[in-house]
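First comes the structure, then the notes that go with it.
The values are calculated or read from the model by the stated rules, or taken from the named source; none is laboratory data. Since we're looking at a predicted model, the values are computed, not measured. Heads up, the Cβs are rebuilt from the backbone with ideal geometry, glycines too, and the neighbour counts pull from every protein chain shown.
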Amino acid sequence: MVSEPAVTESAPARDARPADRSKAAPRGHGGDPAPGRRRGARPWPPPGRGYRAFRVINAIILALVAVAVLFPFLNVLAQSFSSERYINAGQVSLWPRGLNVTTYEHVLSDPLFWSNYRNTVFYTVTATAVAMAVTTCYAYVLSKPHLRGRKALVGIAVFTMFFNGGIIPNYVLVSFLHLRDTVWAIALPNAINVFNLLVMKSFFENMPPELEEAAAVDGMDTYRILWRIVLPLSKAVIATMTLFYAVMFWNSWFAAFLYMDNQGLFSVTVYLRNIVDSVTSVSNGQLAAGTQVQIAANIQAVTVVLVAVPILFIYPFIQRYFVSGVTLGAVKG
Amino acid sequence: MHQPSRRRFLAGTGAGAAALALAACSNAPTSSSAPAGSQSGGMKNFGVGTQFKAAAPLTFTIAMLSNPAYPYNANWPFFKYLKQMTNVSFNPTVIPFADYNTKIAALVNGGQAPMIIPKVYPGEEDQYVAGGAILPVSDYVHLMPNFQDKVAKWNLAGDLDQRRQSNGKYYLLPSLLQSVWQDYSLAARADILDKLSIPTPGTWTGVQSMMLAMKHAYPHNYPLSDRFNQPTPGGAFLNILSAAYGTAAGWGYQAPSNGAYWDASSSAFVFAGTMPQYKAMVTFVNEMYNQGLIDPESFTQADAIALQKLTSGKSFVISDNAQGVVTDQAALPSGQTIVKLPLPAGPLGKTLAQNASGRISSGGGVMISSKALSSPNFTAMLQFIDWLYYSDAGQLFAKWGVQGVTYTGSVADGTFKLEPDVTWAGLNPAGTKKLNATYGFSNGVFSTYTGSTQLLDSQFPAAELAFQKGMASWALSPLAPPAPLTTTQQQSATLTGTTLMSTVQSQTLQFILGKRPLSQWDQYVSEVNSQGASRFVSTYNQAYSTYKQQHG
């Protein structure tokens, strides 16, 4: 086995690390969404009147936040089933008025909407797959302390968080590589999200090195260790990152707008943005009446609902991985 | 071809854009006449009244704005008829309406610009001049007989001069209007006017007494709750009001001029925000505000909110335009009607202020990529553009389509009518075929609100036609002369101008809403001057005299 010596060599170094790493890692995960788990293990602060008051206030605040987040969505949902006149008069809040489903029929019968929708699904699936493959490999490599130049590789990734070339250089690069009008223009430039990369890296760093060592002793090479041992144990982080990427690609419109020259290739978010934004830009005096657009308010609402709903449905299915994924490592130690 | 100096170059587009524009520059020609070998496909005897037809089938690349109200469709009959008539078809780059300019900037600066770039509004071409990727089209208009004919016939040379850059060339083929066309005005609830027997006002004081009468009948309502507050507060309202006072505010007060106002009486540019006329205008609005005639949110609220107040009967007066009136009427409950008021006259009387670009501003123009010059079909392309955008036949075709298919009668003798089943912007509202979405005519890419007054009038419903007839008795105020800034001047003018503009806008609102007493006007003037207003204006005056010396 070619890779065997490398693995054994690195073993002592790894043995020294887990203790301090596992303390540092959970903080690196950002938000701390598992107070329940921590409380279960070691109740702190101890339950008392003050603590109960704290919980009540907490619940109220969180409920208010939930309402603030939900209200606009429910409002759009109600508008999508309402008739134009009530929307324009501002009389639709949470319940549809002047029930109307013809708008749904109208939007759903637009072939451009459907072709753009197909594109979005295709772009999201392809780009997420590419992004997951690239990010996982990069993160796994970076998690190995014996890798030479590791710091430089992390530095290169982090550099792109702070600096980028800007629209036009990116556009020229993508044109030069003949990626325009292909899915690669969307998938490749966004294949590595540095935040996701760093989260994955610390996840891999937290994995007990003994597992990989045992696999190496049994004769697996690096790739098989990654494929057979590490990835099956990383479902949580993979699910989380897939969700992050899928939502990011689903919602993105700029790459499709900039790099696609044919509206048959646009994503549905470009379609949506064109409908929603054109109304606001009309009032910019320059766009004289010749180009004025008045897209009915309920058409906007219907499109918003149709674009938002599918990605919403992904959350419940991934949620359980999601919680354990982001907090994984929190209870080790 | 003007080769930009390195300094102008970097200053103009920013380092990133400029570096890329270099690539685009490399094709830039050095002579200004059409290059040899560019004649292929063109017509030898193309002139006014000639139907353009290419000798061989030609395909031109074009930036194709896709409007959500009529999304681009490659199968539009428009393209079929165009091909039959001219032998030309397009290879489009389709760009969504909402971010058209962003994409154009990427295409042009990235060296991927299509040959024909329509829907560019006067002033927007300035940013591309230094990069060299856009053709200085003024060097080639001798190939465009229809364009030259209309410029001469309608006396538009002065308007066109305003588009000239400091090298004396212009880079945009603007759309041309025979007469100044006023779209925006105030609209009011006609049923309320009838009920309260208020006569239709013709002046701003008339508007004030109309709103006083409304306030008297509905003391708890604000008669005016306005919209069109983007990107400048009170955009449409202050624009038409300031024009009536002989100054600039609202939409009339933004980039690129940023409030450098041509004062014909002193033959110099002055700073709009400190003119005595500006003070008089602010005083007038403040007076109406104090009388409770104007909603305090009027100049800052979103359009949708203003429309809600109108349709729910909380307000009766709103800024509007020809198409807006049609959609507003549809949103009103039955029994209520809205009508566009004649443009109110102010202290200047019935004088229509020409804004910075006068009769070439209201429709988008066409830019041509410098790369087109190396095409063997360059002449044919210019002839084609000349026919489609500037000939009577081309404008009629792009706007109304084909006689017997989309319309009957003739515009020339006033018998024009859309076919009964064809609908467009309030004409034939019951029609099932949309002139734009179904056929591809009246598409903003090829047809704008431009052309002869006769052609324009053919598009209006009766009410708007009456409004436009009323505008015929108005006179025009003198045009501002060309004062093209160099890139360095432009930079400093933009820096100071933007600061000044936000000061003037916020203080204007403070004065109007009574948060700052008008007695502090002189203090405000000195504040603005300390921010460099006079230096700002002198940049324009300097550019004006430089241009006058160099280009007569």
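Points to keep in mind about this one:
- Here the range B:67-106 is the region considered, the condition is being over 21 Å from B:Gln403 (Cα atoms) and in contact with a Gly (Cβ under 8 Å, 6 or more places away or on another chain), and the residue that is modelled with the highest pLDDT is B:Asn73.
- Set B:Thr337, B:Thr300, B:Thr351, B:Thr311: member being among the polar types (S, T, N, Q), in contact with a Leu (Cβ under 6 Å, 6 or more places away or on another chain) and at negative phi: B:Thr311
- Meets criteria (part of a helix (DSSP H, G or I), modelled with pLDDT of 85 or more, closer than 30 Å to B:Ser66 by Cα and not aromatic (Phe, Trp, Tyr)) for A:Leu112: yes
- In the range B:399-413, the residue that is farthest from B:Pro77 (Cα to Cα) out of those that are touching a residue at least 60 places away in the same chain (Cβ under 8 Å) and surrounded by 15 or more Cβ atoms within 10 Å (Cβ to Cβ) is B:Lys399.
- Residue count, the range B:209-235 (criterion: modelled with pLDDT of 90 or more and part of a helix (DSSP H, G or I)): 9
- Filtering the range B:112-139 to residues that are within 12 Å of another protein chain (Cβ to nearest Cβ) and among the hydrophobic types (A, V, I, L, M, F, W, C) leaves B:Ala113, B:Val120, B:Ala133.
- Scanning the range B:518-535 for residues that are in contact (Cβ under 8 Å) with a residue 60 or more places away in the chain and under 15 Å from B:Thr496 (Cα atoms) yields B:Val528, B:Asn529, B:Ala533, B:Ser534.
- Residues that are within 11 Å of chain A (Cβ to nearest Cβ), crowded, with 17+ Cβ neighbours inside 10 Å and assigned to a strand (DSSP E or B) within the range B:63-111 comprise B:Ala63, B:Met64, B:Leu65, B:Ser66, B:Asn67, B:Tyr70, B:Pro92, B:Thr93, B:Val94, B:Ile95, B:Pro96, listed in sequence order.
- Positions within the range A:247-273 being within 11 Å of chain B (Cβ to nearest Cβ), surrounded by 21 or more Cβ atoms within 10 Å (Cβ to Cβ) and either of a type in the set (A, V, I, L, M) or assigned to a helix (DSSP H, G or I) (or both), in sequence order: A:Ala256, A:Phe257, A:Leu258, A:Tyr259, A:Met260, A:Gln263, A:Leu265, A:Thr269, A:Val270, A:Tyr271, A:Leu272, A:Arg273
- Scope the range B:323-357; condition closer than 25 Å to B:Gln162 by Cβ, in contact with a helix residue (DSSP H, G or I) (Cβ under 7 Å, 6 or more places away or on another chain) and of a type in the set (Gly, Ala, Ser); matching residues: B:Gly346, B:Ala353, B:Ser357
- Subset tally (residues that are surrounded by 24 or more Cβ atoms within 10 Å (Cβ to Cβ) and part of a loop (DSSP other than H, G, I, E, B)) for the range B:116-131: 3
- Looking only at residues in the range B:107-148 that are touching a helix residue (DSSP H, G or I) at 6+ places or on another chain (Cβ under 8 Å) and charged (D, E, K, R), the one that is modelled with the highest pLDDT is B:Lys119.
- Just one residue in the set A:Ile87, A:Ile57 is buried (at least 17 other Cβ atoms within 10 Å of the Cβ), over 27 Å from the mean Cα position of the chain (by Cα) and assigned to a helix (DSSP H, G or I); that residue is A:Ile87.
- Of all residues assigned to the range B:278-290, at least one qualifies as being over 24 Å from B:Gly349 (Cβ atoms) and either modelled with pLDDT of 90 or more or of a type outside the set (Ser, Thr, Tyr) (or both).
- The set of residues in the range B:123-178 being under 20 Å from B:Phe46 (Cα atoms) and of a type outside the set (A, V, I, L, M) consists of B:Ser138, B:Asp139, B:Tyr140, B:His142, B:Pro145, B:Asn146, B:Phe147, B:Gln148, B:Asp149, B:Lys150, B:Lys153.
- Among the candidates B:Ala54, B:Ala28, the residue that is at pLDDT below 95, more than 14 Å from every other protein chain (Cβ to nearest Cβ) and touching a strand residue (DSSP E or B) at 6+ places or on another chain (Cβ under 8 Å) is uniquely B:Ala54.
- No other residue among A:Phe163, A:Phe122, A:Phe73 is free of Cβ contacts under 8 Å to residues at least 40 places away in the same chain and under 29 Å from B:Thr102 (Cβ atoms) apart from A:Phe163.
- From the list B:Ser530, B:Ser452, B:Ser519, B:Ser473, the one residue that fits, being surrounded by 18 or more Cβ atoms within 10 Å (Cβ to Cβ) and not hydrophobic (A, V, I, L, M, F, W, C), is B:Ser452.
- Test for B:Ser492: is it within 30 Å of B:Gly426 (Cβ to Cβ) and surrounded by fewer than 18 Cβ atoms within 10 Å (Cβ to Cβ): no
- Which numbered condition B:Lys314 misses (of (1) under 28 Å from B:Ala249 (Cα atoms); (2) away from chain A (no Cβ under 14 Å); (3) in a loop (DSSP other than H, G, I, E, B)): (2)
- Conditions (1) in contact with a helix residue (DSSP H, G or I) (Cβ under 8 Å, 6 or more places away or on another chain); (2) surrounded by 12 or more Cβ atoms within 10 Å (Cβ to Cβ); number of the one not met by A:Ala129: (1)
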